[in-house]
Amino acid sequence: MTALAHIEACIFAALDTLKANGTLPSDIDTRNVDLEPTRDAAHGDLACNAAMVLAKAARRKPREIADALVGLIAADPMVVKAEVAGPGFINLTLAPSAWQATVGEVLGAGLGYGRADLGAGGKVNVEYVSANPTGPMHVGHCRGAVFGDALANLLAFAGHDVTREYYINDAGGQVDVLARSAFLRYREALGEAIGDIPEGLYPGDYLKPVGQALADAFGNSLLGEDEAQWLPKVRGIAIDAMMAMIRDDLAALNVRHDVFFSERALTQGAKDEVAETVGELRAKGLVFEGVLEKPKGHDADDWEEREQTLFRATAFGDDVDRALLKSDGTYTYFAADMAYHHNKLARGFRHLINVFGADHSGYIKRMQAAVAALSGGEADLDIKVCQLVRLLRAGEPVKMSKRAGTFVTLREVVDEVGRDPVRFMMLYRKNDATLDFDLAKVVEQSKDNPVFYVQYAHARVHSVMRAARDAMPHVDLSSAAIRTADVSCLTDAGELELLKRLALFPRLISGAARVHEPHRIAFYLHDLAQLFHGHWTRGNDSPHLRFIRPDEPSVTLARLAMAQSCAQVIASGLAILGVGAPEEMR
């Protein structure tokens, strides 16, 4: 049990005592009681808000509760000081041995250190990327792909049974446009001069191989067919080619999915799942015929009031009810999306996470309303929006790609700077904030480049280990010897600060998984790397702090154990982010 877990248990045991003796109501809600590291070391190691959050419900002054708690907590042998600060915060200082024990916990657990049972094996569906199969992926897709993949890794590490899913939008009008664009390239492959690509078609060169494949497969036979005949043939081949390209792009990022779900399968499978979903909602009284109000900001002259088939989305928190059928009688995109989520529910998922691009934020309320209605409130849907990525090179905007025609492709970025910088930097900012990605800065080998700085900390530990073996060839520096090192000599303030940060890792995992925020891992790793590099640098000026002390083998072993603990946690955190942990920087 980590020091934090031990102290948390101590605090809640003390709260139970106060409930039993009548100081606190027996039914008081303690879920908001929290324990956090102090921001100022002068205030101790940890701060607890128990008295502040319980005072109102207990009808007592915060200091009264705090004084009672401190009297109980101070009795724990791990606590060397417990005091009340300000209106009722409780500050705790722990014995160095509490933090020193972290080394053994980290090395003993191996790469499993920090792994949680938060999910208790429960099923979670994470849908991410889901880019339209109409061309190569761009850097905006890249951010959602990395975020979704890292979130899935994080949830799995926290004890969830995760399914990674990609929804192929292969049933809408955009894939017909793709087919017409591919058919133009087919004519080009047969020798026809096609001139400029007409407005409304996809202009990128990436469709030239599709046109050639069509020419190889059909010769010139498609030229004699009407569009109604050739379009479905071309569409199927073009979609398959685009999905192969997308899968290849994702592989370059080491992003994987367990399920690729086709929108077309909803209506062209064994049954019409969209009709089934609408029918189920109608049976619940949640579908009706009505007229929608004119949307705000819509031109009144261009608005036609007509009766439509609507879903009662407002009954589940949406702003307006939502149309399920278009004027031509076909299903709306929203109806298909409802059916798709109905399919997820039928597969047994009750925890759903969707990763959307910045242009889909307006879909959040309607999709959450849909899941609430379809599941009878038994399922939850969290939608994470990944904001735009501004692609720069040395501070200047990057021009669009000739290959894609309108944007810079994901593959071009990965090929230029490498997978690790892309993945780390896409997570080094909260998903709902715009991200500046500078192609020049992310490959700099400097402390100003976060991914290099973190990976270098891991590599530096391995460098220290190699140097220790050279400097102390007759000392047992095996993993077994390091795991059993006496760490009681780790008393320097810098060493204790490192150990405190390592002790936070399990708590960080649970917290980040609970709120679906993998960027917290990237921030933590950078802070840990900063502490490690800072402490290593102090050894240049203060030889007694150096990791390698040939004249003090036991001290060296203890410091190597601490260093290996840092490297192990960095490796674990980077693995969650999908980033490599090199043993040396090249």
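Structure values in brief
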item: Helices (runs of 4 or more DSSP H) lying entirely in region 432-520 (those with 3 or more residues that are of a type in the set (Phe, Trp, Tyr)); result: 450-471
item: Scope region 548-570; condition small (Gly, Ala, Ser) and surrounded by fewer than 18 Cβ atoms within 10 Å (Cβ to Cβ); matching residues; result: Ser554
item: Candidate set from region 192-213 (those that are part of a helix (DSSP H, G or I) and charged (D, E, K, R)); member that is surrounded by the fewest Cβ atoms within 10 Å (Cβ to Cβ); result: Asp205
item: Matching strands (runs of 3 or more DSSP E) fully within region 252-363 where at least 1 residues are closer than 29 Å to Ile239 by Cβ; result: 259-262, 308-311, 351-357
item: Among (1) touching a Gly at 6+ places or on another chain (Cβ under 8 Å); (2) closer than 20 Å to Asp34 by Cβ, the one test that Gly121 misses; result: (2)
item: Test: Ala20 is among the small types (Gly, Ala, Ser) and over 22 Å from Arg507 (Cα atoms); result: yes
item: Counted residues, region 364-391 - those being within 22 Å of His141 (Cβ to Cβ), in contact with a helix residue (DSSP H, G or I) (Cβ under 8 Å, 6 or more places away or on another chain) and surrounded by fewer than 16 Cβ atoms within 10 Å (Cβ to Cβ); result: 1
item: Unmet criterion (only one of (1) in a helix (DSSP H, G or I); (2) of a type in the set (Phe, Trp, Tyr); (3) farther than 16 Å from Thr102 by Cα) for Phe532; result: (3)
item: Qualifying residue in region 359-376 (condition: within 24 Å of the chain's Cα centre (by Cα), in contact (Cβ under 8 Å) with a residue 40 or more places away in the chain and either assigned by TED's automatic domain parsing to the domain that holds Val408 or under 17 Å from Ile168 (Cβ atoms) (or both)); result: no
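To keep it simple, each residue is scored yes or no on (1) within 24 Å of Ala95 (Cα to Cα); (2) crowded, with 23+ Cβ neighbours inside 10 Å; (3) in contact with a Cys (Cβ under 9 Å, 6 or more places away or on another chain); (4) not polar (S, T, N, Q).
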| site | (1), (2), (3), (4) |
| --- | --- |
| Leu528 | yes, no, yes, yes |
| His533 | no, no, no, yes |
| Asp541 | no, no, no, yes |
| Arg546 | yes, no, no, yes |
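Residue by residue, here is whether (1) over 30 Å from Leu499 (Cα atoms); (2) at pLDDT 95 or above; (3) assigned to a helix (DSSP H, G or I); (4) hydroxyl-bearing (Ser, Thr, Tyr) holds:
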| residue | (1), (2), (3), (4) |
| --- | --- |
| Met1 | no, no, no, no |
| His6 | no, no, yes, no |
| Ile11 | no, yes, yes, no |
| Ala14 | no, yes, yes, no |
| Lys19 | yes, yes, yes, no |
| Arg31 | no, no, no, no |
| Glu36 | no, no, no, no |
| Arg39 | no, no, no, no |
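Okay, residues lined up against (1) surrounded by fewer than 14 Cβ atoms within 10 Å (Cβ to Cβ); (2) within 30 Å of Ala493 (Cα to Cα); (3) touching an Asp or Glu at 6+ places or on another chain (Cβ under 6 Å):
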residue	(1), (2), (3)
Asn21	yes, no, no
Asp34	yes, yes, no
Pro37	no, yes, no
Ala41	yes, yes, no
Ala47	no, yes, yes
Lys56	yes, no, no
Arg60	no, no, no
Pro77	yes, yes, no
Lys81	yes, yes, no
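The values are calculated or read from the model by the stated rules, or taken from the named source; none is laboratory data. Note that the structure is predicted; figures quoted are calculated from it, not measured. Reconstructed Cβ throughout: ideal geometry from the backbone, glycine too, with neighbour counts over all protein chains shown.
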